[in-house]
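The values are calculated or read from the model by the stated rules, or taken from the named source; none is laboratory data. No experiment lies behind these values; they were computed from the predicted model shown. Counting neighbours? That spans all protein chains shown, and the Cβs are built from the backbone with ideal geometry, glycine included. With ligands, DNA and RNA removed, areas are computed over all heavy atoms of the protein, side chains included. Shrake-Rupley method; radii C 1.70, N 1.55, O 1.52, S 1.80 Å.
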Amino acid sequence: MRHLKPRKAVNALIMTLATLCAALGLFLLFIILFDVLRNGLKAIDWNLFLRDPAPPTMAGAGGLKSAFLGQGLLTLTAALIGVPIGVLGGTYLAEYGRHKKISRAISILSDIAVSIPSIVIGAFVYAILVNPFGSYNGWAGAVALAVIILPIIIRTTEDMINMVPWALREAAFAMGAPYHRVIWGIVYRSAAGGIFTGVLLAIARIAGETAPLLFTSFNSNFFRLNLSGPVPSLTVSIYQYAASPYENWVSMAWAAAFVVTCFVLFLNIVGRLAIKLRVKG
Amino acid sequence: MDLMTVDKLNFFYGRHQALKSVNLPIRKNAITSLIGPSGCGKTTLLRCFNRMHDLYPGNRYEGRISLRDQNILSGDIDLISLRSRLGMVFQKPTPFPMSVFDNIAYGLRLRKVKNKNALAERVEKALKQAALWDEVKDRLGDNAAGLSGGQQQRLVIARTLAVEPEVILFDESTSALDPISTQKIEELMVELKKEVTIVAVTHNMQQAARVSDYTALMYLGELMEYGDTKSIFTRPKHKMTEEYVSGRFG
């Protein structure tokens, strides 16, 4: 009992420190969001989505139409590459390979891969898909983004599939269903909501990425439905315009940053809401 | 007549021997119940009949189980067609995440029945056999998860019946249900034995006495006693059987 007092004091100290740190983190986050909101709302208008960049001397006339289209194309292509591989990979880990040591290893490596800095992935893809071909290209950008979402989708799929009770699979096996029909008709159907949410959150993760695109698809002023050359990118444009000396380019960067932030926020809210609703239902 | 015979069956989960030289006949168009204390091997035996153990690595059978003189433990048996001859109803209801109709049609679609009228006809027939038709005929398109526990269990029975199996295996299928639902399932089992052969694992002594024609008592992986239900419950040969069925042990 004699030790109770110092213990209580230490507890109070740690709690105060933890609360302060949390408050500091939140404070900084809100400053960033508030700044993006204030400057973004001031600069945003329809031209941002409808026009292409104007020379810096023509104040307020330009937009980032190509950059939006390019970013969308890159994200979509990345999802088309990453989602099927990720879902099938996660299926292997949770179903066909569930008793194998290699599955455990892949699962752990995926968890580690989620936290690889995206610029490292950009540099890696630069080495295999840009350097040998001699020019920045959209495929490299899409592959870099796909590599980023792959471990997220693999792990979410694995977790969601593991949540499907074995009794349900046994019931389907007992009906004489072969394994692939059990996975396709029963397991995927049960896990579909969770896997979809995972895909949504993974896309939110890459929608605002800049670093992996800098080395791969880089940026361009003109959008074409062609991934063999540089592709206009919203995030890289923000990076370049924000660092430019021209006031109207800087304000365009704020507006674009505002749009990207809202989009990522929206995907995250939808994704988390879906999780919450499912847990309740 | 015996539809199935179990002959000197040994079963191993890896190194652990769970069944020891079990011999048992399964009479056609009758209900055989498997009783015994927890861990005695009754569910293990039931799951040998449709080779559910093959889903997991390291399991091994020795001996013979014949179904119409065919050894279903032989390596070249096609498990998919075997499992359509022996349906299984589990402890907890296992409705698939789809509509009532699609649940019943699941096995038919696996067997490539595609004609819409044929499907609808067989779904209705199966639901009527399972005494569920009147309760769900207006909600065939609703998700099966919305049915009550007892209805879900009858749905699973209907799903099994739709593919016209020769045997239905019940694995403590009423233990998660309320008394009224349990009674309905029991009545259903008695009704169904006109068309199929039933093997039921149960913990419930009264249930075994009420519905089954033959009873097998298992203990520590061995078959202790087998006979018609009446004599097992009134004139058991072994002292242990008498103690178990009267509730003094187990």
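Worth pointing out:
- Some residue of the range A:19-40 being outside any helix (DSSP H, G or I) and either within 30 Å of residue A:230 (Cα to Cα) or of a type in the set (A, V, I, L, M, F, W, C) (or both): no
- Scanning the range B:103-110 for any residue that is within 30 Å of residue B:139 (Cα to Cα), touching a Pro at 6+ places or on another chain (Cβ under 7 Å) and outside any helix (DSSP H, G or I) turns up nothing.
- Filter result for the condition that a residue is among the β-branched types (Val, Ile, Thr) and open to solvent by less than 60 Å² (accessible area, probe 1.4 Å), over B:234, B:215: B:215
- Where a residue in the range B:161-177 is on the phi > 0 side of the Ramachandran plot and its partner, wherever it lies, is assigned to a loop (DSSP other than H, G, I, E, B), with Cβ under 9 Å and at least six apart: B:164/B:195; B:164/B:196; B:172/B:90; B:172/B:91; B:172/B:202; B:172/B:203; B:172/B:204
- Residue A:207 falls short of the stated requirement of being of a type in the set (A, V, I, L, M, F, W, C), in contact with a helix residue (DSSP H, G or I) (Cβ under 7 Å, 6 or more places away or on another chain), modelled with pLDDT under 95 and under 16 Å from residue A:90 (Cα atoms).
- Hits in the range B:122-145 - residues which are over 23 Å from residue B:83 (Cα atoms) and more than 14 Å from chain A (Cβ to nearest Cβ): B:131, B:132, B:133, B:134, B:135, B:136, B:137, B:138, B:139, B:140, B:141, B:142
- If the condition is being open to solvent by 10 Å² or more (accessible area, probe 1.4 Å) and within 14 Å of chain A (Cβ to nearest Cβ), then the range B:45-60 contributes B:47, B:51, B:54, B:55, B:56, B:57, B:58, B:59.
- Only residues that are within 12 Å of chain B (Cβ to nearest Cβ) and open to solvent by 20 Å² or more (accessible area, probe 1.4 Å) were counted across the range A:171-203, and they come to 10.
- Filtered residues of the range A:209-240 (kept if open to solvent by 20 Å² or more (accessible area, probe 1.4 Å), of a type in the set (A, V, I, L, M, F, W, C) and either in contact with a Pro (Cβ under 6 Å, 6 or more places away or on another chain) or part of a helix (DSSP H, G or I) (or both)): A:211, A:214, A:218, A:223, A:238
- Restricting the first member to the range A:235-254 and to residues that are within 15 Å of residue A:42 (Cβ to Cβ) and of a type in the set (Lys, Arg), and the second to residues that are modelled with pLDDT under 90 and outside any loop (DSSP other than H, G, I, E, B), no beta-carbon pair is closer than 7 Å while six or more apart or on different chains.
- Neighbours by Cβ (under 6 Å, 6+ apart or cross-chain): first from the range A:13-39, farther than 18 Å from residue A:262 by Cα; second of a type in the set (Gly, Ala, Ser) and loosely packed, with under 10 Cβ neighbours inside 10 Å: none
- Residues of the range B:148-157 satisfying the condition of being more than 26 Å from residue B:28 (Cα to Cα) and either open to solvent by 10 Å² or more (accessible area, probe 1.4 Å) or within 12 Å of another protein chain (Cβ to nearest Cβ) (or both): B:148, B:149, B:151, B:152
- Test: residue in the range A:155-163 that is closer than 23 Å to residue A:206 by Cβ and surrounded by fewer than 17 Cβ atoms within 10 Å (Cβ to Cβ): no
- From the options B:82, B:24, residue that is under 20 Å from residue B:170 (Cβ atoms) and within 14 Å of chain A (Cβ to nearest Cβ): B:82
- Test: residue in the range B:114-121 that is part of a helix (DSSP H, G or I), basic (Lys, Arg) and more than 9 Å from chain A (Cβ to nearest Cβ): yes
- Here residue B:63 meets each of (1) away from chain A (no Cβ under 11 Å); (2) open to solvent by less than 40 Å² (accessible area, probe 1.4 Å); (3) not charged (D, E, K, R) with one exception, condition (2).
- Condition check for residue A:52: among the acidic types (Asp, Glu) and touching a helix residue (DSSP H, G or I) at 6+ places or on another chain (Cβ under 7 Å): yes
- The range A:81-122: number of residues that are within 14 Å of chain B (Cβ to nearest Cβ) and either in a helix (DSSP H, G or I) or touching a Pro at 6+ places or on another chain (Cβ under 9 Å) (or both): 5
- Flag for residue A:206 being within 13 Å of another protein chain (Cβ to nearest Cβ), assigned to a helix (DSSP H, G or I) and open to solvent by less than 10 Å² (accessible area, probe 1.4 Å): no
- Just one of the listed residues (B:161, B:110) is closer than 27 Å to residue B:32 by Cβ and within 14 Å of chain A (Cβ to nearest Cβ), namely B:161.
- Residue count for the range B:158-180, restricted to those that are out of contact with any Ser or Thr (no Cβ under 7 Å at 6 or more places or on another chain) and either open to solvent by less than 40 Å² (accessible area, probe 1.4 Å) or within 17 Å of residue A:170 (Cα to Cα) (or both): 9
- Checking residue A:69 against (1) among the hydrophobic types (A, V, I, L, M, F, W, C); (2) open to solvent by less than 80 Å² (accessible area, probe 1.4 Å); (3) under 30 Å from residue A:137 (Cβ atoms), the condition it does not meet: (2)
- Applying the criterion of being touching a residue at least 40 places away in the same chain (Cβ under 8 Å) and under 18 Å from residue A:186 (Cα atoms) to the residues of the range A:90-115, the residue that is most open to solvent (accessible area, probe 1.4 Å) is A:96.
- Residue in the range A:135-152 that is in a helix (DSSP H, G or I), buried (at least 23 other Cβ atoms within 10 Å of the Cβ) and within 14 Å of chain B (Cβ to nearest Cβ) present: no
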